[in-house]
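Please treat every number below as a calculation from the coordinates, not as lab data. Computed from a predicted model, the values in this text were never measured in an experiment. Positions of Cβ are generated from backbone atoms using ideal geometry, with glycine treated the same way; all protein chains shown enter the neighbour counts.
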Amino acid sequence: MQIGVVGKPSSGKSTFFSASTMVDAAIANYPFTTIEPNKGTGFVRVECVEKEFGVKCNPRHGYCKDGTRFVPVELIDVAGLVPDAHLGKGKGNAFLNDLSQADVLIHVVDASGSTNEKGEPVASGSHDPCKDVEFLEKEIDLWFLGIIEKHWTKLGRVPLGSRAKIVAALSQSLSGIGGSEKNIEASLLRADLGEKKLAEWTDREKMIFATTLREISKPIVIAANKVDIASAEKNVKRMKEKFPEKTIIACSGFAELALKKAAKEGFLDYEPGSNDFKEVKELNEKQTTVLSMIKEKVLKKFGSTGVQDVLDKTVFDALGYVAIFPAGSKKLADSEGNILPDCILMPKGSTALDFAFKLHTDMGRGFIRATDVKKKQMIGKEHELKNRDAIEIIFKKP
């Protein structure tokens, strides 16, 4: 799974990325600070199953604190997109191509309205962030359309024959942007285009299909950023009113990054997603001023910095993933003694067989049965897994 972090220049995108991953990305208030994509690891929260088993886990990846498992996910931060990026403006095509393998997008919007559509500084509150939401989705839709058009001569020759042939042809041409057969099938159904020859599609129908495929293959969560600036609060409310169907989360990448850096340096005890922090070392006057501002203007007003909420909702709501713990019915430790060492994120609807293949190809090929360790029940390969299941795979070794 890969999460793409997108937005116009100077929206606070790289700050959000750094706050999520603690990777030092170039941060400055001018366009195209980021040119090459940054990659890093963020974490999503899962209630650990150690509670049910009465043990203390030892994660091999991520960490666990007070019963909350922080599971790693990959993030990629690409350069800011400007109007007509799909035509190559601002190296837009290259930046969009960096997002081709992303499964879901976090759109970081400057909710304070202090940067215009090009990412240039303007008076706080003078730019409408709703326009940024519409602009970015339009650019990605037109990028998808451009790829469809590039392959259209070949696609137009596909006979009606069977729906399967149409799905296969589209998937072959569009696999690079998330056009799996499952996503193509769902897009054709939603756009009501499944029974029409590709050669007969109108320009409007191609656009509808491009938008639908983008919505299905790369769902978007909106991080309404810079809520530490006064003008942002009313804009967040207006964005939610204008786009009630979208997931919009108020956040402050600046506040999250400041808190994590202070915690890393030993000044604070802070857990991502919390509504408070505890000072554990004496602060200087500047630190006290900044942290007091964060507490009053962000944590008390919005309940958290919002950054962790964005990550959690992106993975578990927008993508619909579930967290599965590999476990043994007789022992919970691996060969090195690590208790409940892994937590695997799987797409919703995954079966026990899917999980076996995720763990190791040999486990999938030699699958015999699985066990729901919490319920102490045997389950078959088609059993659909639920969030926080603890599963043991029984398989025949090659």
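Arranged by the count of other C-beta atoms within 10 angstrom, fewest first, what order do I208, I248 take?
Working: I208 19, I248 22.
Neighbour counts put them in this order, fewest first: I208, I248.
Could you order peptides 287-297, 3-13 by the average number of other Cβ atoms within 10 Å of their residues, highest first? The partial results should precede the final answer.
Working: 287-297: 15.3, 3-13: 27.0.
Top to bottom by mean Cβ count within 10 Å: 3-13, 287-297.
Can you give the calculated 222 nm mean residue ellipticity of the chain, where each DSSP H run of n ≥ 4 adds -39,500 (n - 2.57) and the sum is split over every residue, rounded to the nearest 500 deg cm²/dmol?
-10000 deg cm²/dmol, from helical runs alone.
Between K237 and N338, what is the label-to-label distance in nm when each label sits 7 Å out along the Cα-to-Cβ direction?
It is 4.8 nm.
Quickly rank 380-386, 50-56, 164-170 as a protection proxy: mean count of other C-beta atoms within 10 Å, highest first.
164-170, 380-386, 50-56
Treating the beta-carbon of each Lys and Arg as +1 and of each Asp and Glu as -1, no other charges, what is the dipole magnitude of the chain about its Cα centre, to the nearest 20 debye?
On the way: 59 positive and 55 negative charges, 174 e Å.
Using only the charged Cβ atoms, the result is roughly 840 debye.
What percent does the relative contact order of region 322-395 come to when contacts are Cα pairs within less than 8 Å and at least six residues apart? Walk me through the numbers on the way to the answer.
Details: 140 pairs, mean separation 29.0, N = 74.
Taking the mean separation of contacting Cα pairs over the length of region 322-395, I get 39 percent.
Using Cα pairs closer than 8 Å and at least 6 residues apart in sequence, work out the relative contact order for the chain, in percent. Kindly include the intermediate steps, with their values, before the conclusion.
Numbers: 786 pairs, mean separation 64.1, N = 398.
Relative contact order comes out at 16 percent.
So who's got an amide H within less than 5 Å of the one on D128, skipping anything under 5 residues away but keeping other chains? H placed 1.01 Å off N, in plane.
Here the answer is none, since no amide H 5 or more places off falls under 5 Å of that of D128.
Scale the Cα Rg of the chain by the rule-of-thumb value 2.2 N^0.38 Å and send over the ratio, two decimals. Kindly include the intermediate steps, with their values, before the conclusion.
Numbers: Rg = 23.1 Å, N = 398, 2.2 N^0.38 = 21.4 Å.
The value comes to 1.08.
List every DSSP H helix in the chain whose Cα atoms extend 24 Å or more along the helix's own long axis and whose mean Kyte-Doolittle hydropathy is at least 0.0. Don't skip to the end; give the middle numbers.
On the way: long enough: 129-150 (32 Å, 0.07).
Both cut-offs are met by 129-150.
Set Lys and Arg Cβ to +1 and Asp and Glu Cβ to -1, take the dipole of region 118-263 about its Cα centre, and tell me which of N235, L136, V167 lies farthest positive.
V167
Can you give me the relative contact order of region 143-213 as a percent, contacts being Cα pairs under 8 Å and 6 or more apart? Let's see the in-between values first.
Working: 66 pairs, mean separation 28.1, N = 71.
The normalised contact order for region 143-213 reaches 40 percent.
Based on the mean of other beta carbon atoms within 10 Å per residue, what is the order of 71-77, 260-266, most packed first? Walk me through the intermediate numbers first.
Working: 71-77: 21.4, 260-266: 14.9.
Per-residue mean Cβ counts within 10 Å order the peptides as 71-77, 260-266.
Order of R190, R69 from fewest to most other C-beta atoms within 10 Å? Mind showing how you got there, number by number?
On the way: R190 16, R69 23.
Fewest-to-most ranking of R190, R69: R190, R69.
Please report the antiparallel percentage of DSSP beta bridges with both residues in the chain, rounded to the nearest 5.
On the way: 29 of 50 bridges.
Here the antiparallel bridges make up roughly 60 percent for the chain.
Of K165/K196; K8/K154; K138/K242; K196/K242; K300/K348; K13/K240, which sit over 23 Å apart, Cα to Cα? Don't skip to the end; give the middle numbers.
On the way: K165/K196 12 Å; K8/K154 34 Å; K138/K242 16 Å; K196/K242 34 Å; K300/K348 34 Å; K13/K240 20 Å.
Flagged as over cut-off: K8/K154; K196/K242; K300/K348.
Could you list which residues have their amide H under 5 Å from that of F395, counting only those 5 or more apart in sequence or on another chain, with H placed in the peptide plane?
Placed amide hydrogens put I368 under 5 Å from F395.
May I ask for the percentage of alpha-carbon pairs in region 143-213 that lie more than 16 Å from each other? Provide the component values of the computation, followed by the final result.
Numbers: 929 of 2485 pairs.
When all Cα pairs of region 143-213 are counted, 37 percent exceed 16 Å.
Seen from all sides and averaged, what is the projected area of the convex hull of the Cα atoms in region 322-395, in nm²? Provide the component values of the computation, followed by the final result.
Details: hull surface 17.4 nm².
Average of the hull's projected areas for region 322-395 equals 4.4 nm².
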